[in-house]
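Written out below as structure tokens is the structure these notes cover.
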Amino acid sequence: MVSGNLLLLRKLMRDYRLLLAPALVISLVMAAGIACLIMSLSALRSLSLSKEETYQRLGFADLTVPVVRMPRTALAQLLRLPDVWQAECRITAEGQVLLKDVRNNITARFHSLPEHDMKVNQVRILQGRMPQPATLKEALVSDAFAKAWGIRSGDVLEVLLNGRRFKLVISGIARSPDYVYQAGSAAALPEDRLFSVWWVSRRLLEQTQNLRSACNEIL
């Protein structure tokens, strides 16, 4: 019985030596996989926390609701709804940028700037300044479009808005949390040279869109 046990032990030791190298390789692969998983989860958590902090700091809207026409006085009723912390009423319009010697259509999406401090979808100025409240001829333009065409604050661009031409002075280059990914409604991928976002005076869009004391989008 003893000799049989010794033979079995020797066989196990021999098999163990034969399997030692493959077992070591498998252990190293498993360790590398676990390390990659831990690093990926840590990176994902860090990105998620950074995203939430940025969106919270800039007041990224949970909902963007298009409407045909809503009086601005109705905004007070929305603020009385449960779980509504902030709400803003803005005007959004589509137009075109008219650049000299450029044949392609360049889409321009215009948003009205509030007359008070922005609390929802706050615009971050990267270069220049906010437009003067008293003028209709100054505007902010999205950073991706400005970078694609080499546009800087102080430049004057011509735009087409509701069939009317306007010359707007670029007072600043900006970005907002709802346009981190800057692409048009029908575009699968961003095309920075053919899509632009503009933030202009509310009175300018009220005149061109026939929305005096009203809005067509709720944040």
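The values are calculated or read from the model by the stated rules, or taken from the named source; none is laboratory data. Everything numeric in this text was worked out from a predicted model, so none of it was measured. All Cβ positions, even for glycine, are placed from backbone atoms using ideal geometry, and neighbour counts span all protein chains on display. The protein model used for the area step is the full one, side chains on, heavy atoms only, and it has no ligands, DNA or RNA in it. Shrake-Rupley method; radii C 1.70, N 1.55, O 1.52, S 1.80 Å.
Just wondering, is there one or more residues in segment 79-99 that are modelled with pLDDT under 90, of a type in the set (Gly, Ala, Ser) and under 23 Å from the mean Cα position of the chain (by Cα)? Checked against the condition, which is being modelled with pLDDT under 90, of a type in the set (Gly, Ala, Ser) and under 23 Å from the mean Cα position of the chain (by Cα), segment 79-99 yields no hits at all. All conditions in (1) among the hydrophobic types (A, V, I, L, M, F, W, C); (2) closer than 16 Å to Thr64 by Cα; (3) touching a helix residue (DSSP H, G or I) at 6+ places or on another chain (Cβ under 6 Å) hold for Met118, with the sole exception of (3). Considering only segment 78-131, state which residues are among the small types (Gly, Ala, Ser) and either open to solvent by 20 Å² or more (accessible area, probe 1.4 Å) or on the phi > 0 side of the Ramachandran plot (or both). The answer is Gly128, and nothing else.
Residues checked against (1) surrounded by 15 or more Cβ atoms within 10 Å (Cβ to Cβ); (2) modelled with pLDDT of 95 or more; (3) not aromatic (Phe, Trp, Tyr):
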site: Thr135; (1), (2), (3): no, no, yes
site: Asn162; (1), (2), (3): no, no, yes
site: Leu168; (1), (2), (3): yes, yes, yes
site: Ile173; (1), (2), (3): yes, yes, yes
site: Tyr181; (1), (2), (3): no, no, no
site: Phe195; (1), (2), (3): yes, no, no
site: Asn210; (1), (2), (3): no, no, yes
site: Glu217; (1), (2), (3): yes, yes, yes
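For beta carbons closer than 6 Å, sequence separation of 6+ or different chains, a first residue in segment 155-174 that is among the aromatic types (Phe, Trp, Tyr) and a second that is in a strand (DSSP E or B), the qualifying pairs are Phe166/Val159. Considering (1) open to solvent by 100 Å² or more (accessible area, probe 1.4 Å); (2) at pLDDT below 90; (3) within 25 Å of the chain's Cα centre (by Cα), the lone condition that Lys51 does not fulfil carries the number (1).
Candidates Glu191, Glu206: the one that is of a type in the set (Asp, Glu) and touching a residue at least 60 places away in the same chain (Cβ under 8 Å) is Glu206. Inside segment 26-67, residues that are within 25 Å of Leu219 (Cβ to Cβ) and not acidic (Asp, Glu) make up a count of 18. Restrict the check to segment 14-29 and report whether at least one residue is more than 30 Å from Ser142 (Cβ to Cβ), of a type in the set (Asp, Glu) and in a helix (DSSP H, G or I). Yes, segment 14-29 has at least one match.
If a residue has to be without any contact (Cβ under 8 Å) to a residue 60 or more places away in the chain and of a type in the set (A, V, I, L, M) to count, how many in segment 87-104 make the cut?
Result for segment 87-104: 2.
Just to be sure, is Leu24 open to solvent by 90 Å² or more (accessible area, probe 1.4 Å) and more than 24 Å from the chain's Cα centre (by Cα)? Considered against the rule, which asks whether it is open to solvent by 90 Å² or more (accessible area, probe 1.4 Å) and more than 24 Å from the chain's Cα centre (by Cα), Leu24 comes out as yes. Scanning segment 58-86 for residues that are in contact (Cβ under 8 Å) with a residue 60 or more places away in the chain and among the basic types (Lys, Arg) turns up Arg69, Arg72.
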